[in-house]
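Colleague: Structure provided below as structure tokens; questions to follow.
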Amino acid sequence: VKNAAWCRNEIDRFILAAQQPQGLSPNPVADRRTLIRRAYFDLGGLPPTPEEVAAFELDPAPDAYARLIDRLLASPHYGERWARHWMDVARFAESHGYEQDYDRPHAYHYRDFLLQAFNDDLPYDQFVRWQLAGDELAPDNPLAVMATGFLGAGPFPTQLTEAEFESARYDELDDMVTTTGVAFLGLSVGCARCHDHKFDPIPSHDYYRLAATFATTIRSEIELPVPHAAKPEKVQVNSEGYPHMKHHADGRGYPHFYPQTFHLSRGDVHQKQQPAQPGYLQVLLRDGKQPDFWQQEPPQGWDRTSFRRASLAAWITDPQYGAGHLAARVIVNRLWQHHVGQGIVATPNDFGFQGEAPSHPQLLDWLAGELIENR
């Protein structure tokens, strides 16, 4: 950059380097009232009081802004604000949806996990892994088990006829696959349910390999010693081997899951093809690695779950050989979006060919590298 004196950090250098060829120059430095209001709204969701604004404006210390940011990050309101952003991505709801929209009285523990995760500075790779397989990776940690609420946060039609049982289960698997793809990878994987993706390199075969990863994962309600509670409480989790969460189709024999997931022609349960084996997106396998590279083995004597989700979590957070390099770009883009107003990729849920190209790919790569290095 030509005006290096203006730059306070590496981000400034990337921004200025992109402005210079366009003949642009940076805006003036914001005044203190603007700075404190931005910080309060971004990190806590509410404006500062007039007294807080006045105190900050009159604070002569050179580290006044840094101390303000540290205080806001340490506040429990930070987790409340930022958990909300993630709940929108995770399609969190405390009812099943559809016409009946029955309550999920124990789903709120997933929200509580998010609050604590943000306030405890949980490393992002662990944040991802727990939501996919916390019950397998840290079964003795209530927060990790609560995190699996991610997989069952989507809608489900609780009143079903027998003719709808199998199609409803495939819809449930589709919700898990689609949300996992959008939330962590910014990819519309669900488009490959009925045919190879029309724009992105995601064949239908890959879609069903991901679906097979969740083949026996169901909603359950179990007792857990949740944080800050005097006694164990009932929590909605998404796991394997626990009694299923009850709904109105149980009396007619709804199976809740089918042991084998099949490739379906055009997504039709009446057009089954070969059985699907768990696997990942081929386009995000590096250096010739195959799915067994991320295979996680259960501890000795473990027979409750398949550890397929733990293996998926290992692949999706592996920045060297798996999808972790893309996952890092997706989350730093979401952070940028909520602080600046628009992501470096303006379509945060779609990093594919139908989404917007990054306005500053070098900055996005650098931010992702910083996240990976510092977790």
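Colleague: Within the chain, what's the longest run with no chymotrypsin sites (Phe, Trp or Tyr not before Pro) in a DSSP loop and at most 13 other beta-carbon atoms within 10 Å? Give the range, please.
Modeller: Longest gap between qualifying sites, sites excluded: 200-301.
Colleague: How much accessible area per residue does segment 124-277 have, counting only protein heavy atoms and a probe of 1.4 Å, in square angstrom?
Modeller: Using a 1.4 Å probe on heavy atoms only, each residue of segment 124-277 averages 39 Å².
Colleague: Please give the Cα centre distance for segment 162-181 versus segment 46-72, rounded to the nearest Å.
Modeller: Segment 162-181 and segment 46-72 have Cα centres separated by 49 Å.
Colleague: Between E166 and Q282, what's the calculated FRET efficiency when r is the beta-carbon distance and R0 is 30 Å? Round to 0.05.
Modeller: After rounding, the FRET efficiency stands at 0.65.
Colleague: Then there is this: Using modelled amide H (1.01 Å from N, peptide plane; none on Pro or chain starts), what sits under 5 Å from the amide H of E233, excluding residues fewer than 5 places away?
Modeller: Sorted by chain and number, the residues that satisfy this are L224, V226.
Colleague: When Lys and Arg each count +1 and Asp and Glu each count -1, what net charge do the other residues less than 13 Å away from A90, Cβ to Cβ, add up to?
Modeller: +1
Colleague: Same structure again: How much net charge surrounds F351 when only the other residues with a Cβ under 15 Å from the Cβ of F351 are counted, with Lys and Arg +1 and Asp and Glu -1?
Modeller: Value of the local net charge: -2.
Colleague: Further, regarding this structure: For the chain, modelled as a GNM with alpha-carbon contacts under 10 angstrom, which of A133, A215, A230 fluctuates the most?
Modeller: Answer for the Gaussian network model of the chain: A230.
Colleague: Rounded to two decimals, what is the ratio between the C-alpha radius of gyration of segment 139-183 and 2.2 N^0.38 Å?
Modeller: Compactness ratio reported: 1.41.
Colleague: Right, next: Can you tell me the orientation of helix 324-340 relative to the chain, as the angle in degrees between its alpha-carbon axis and the longest Cα principal axis, to the nearest 10?
Modeller: 50
Colleague: Separate question: If the chain between H205 and Y321 were fully stretched, how many nm would it gain, using 0.36 nm times the residue separation less the Cα-Cα distance?
Modeller: That works out to 39.7 nm of additional length.
Colleague: Quick one: if the Förster radius is 56 Å, what FRET efficiency do L24 and D196 give, using the C-beta to C-beta distance and rounding to 0.05?
Modeller: It comes out at approximately 0.85.
Colleague: While we're here: Mind pulling the angle between the C-alpha long axis of helix 204-213 and the longest principal axis of the chain? Nearest 10 degrees, somewhere in 0 to 90.
Modeller: 80
Colleague: Under the classification rounded if a/c is under 1.5, otherwise prolate if a/b is larger than b/c and oblate if not, where does segment 132-270 fall, given a ≥ b ≥ c as square roots of the Cα gyration tensor eigenvalues?
Modeller: oblate
Colleague: What translational D, rounded to a whole number of µm²/s, comes out for segment 282-326 from Stokes-Einstein when the hydrodynamic radius is the Kirkwood one over Cα pairs, at 10 °C and 1.306 mPa s?
Modeller: Using the Kirkwood radius from Cα pairs, D works out to 143 µm²/s.
Colleague: Tell me, what is the FRET efficiency for E373 and E99 to the nearest 0.05, using R0 = 45 angstrom and their Cβ-Cβ distance as r?
Modeller: 0.40
Colleague: Here's another thing I want to ask about it. Considering all alpha-carbon pairs of the chain, what whole percent are spaced by more than 41 angstrom?
Modeller: 19
Colleague: Give the angle, between 0 and 90 degrees and rounded to the nearest 10, that separates the Cα long axis of helix 10-19 from the longest principal axis of the Cα atoms of the chain.
Modeller: Between the helix axis and the principal axis of the chain, the angle is about 80 degrees.
Colleague: Another question about this same structure. Evaluated at 25 °C with a viscosity of 0.890 mPa s, what Stokes-Einstein diffusion coefficient in µm²/s does segment 240-375 have when Rh comes from the Kirkwood expression over alpha-carbon pairs?
Modeller: 134
The values are calculated or read from the model by the stated rules, or taken from the named source; none is laboratory data. All of these numbers come straight from a predicted model, not from anything done at the bench. Counting neighbours? That spans all protein chains shown, and the Cβs are built from the backbone with ideal geometry, glycine included. Heads up: the accessible areas ignore ligands, DNA and RNA and are worked out on the full protein's heavy atoms, side chains in. Shrake-Rupley method; radii C 1.70, N 1.55, O 1.52, S 1.80 Å.
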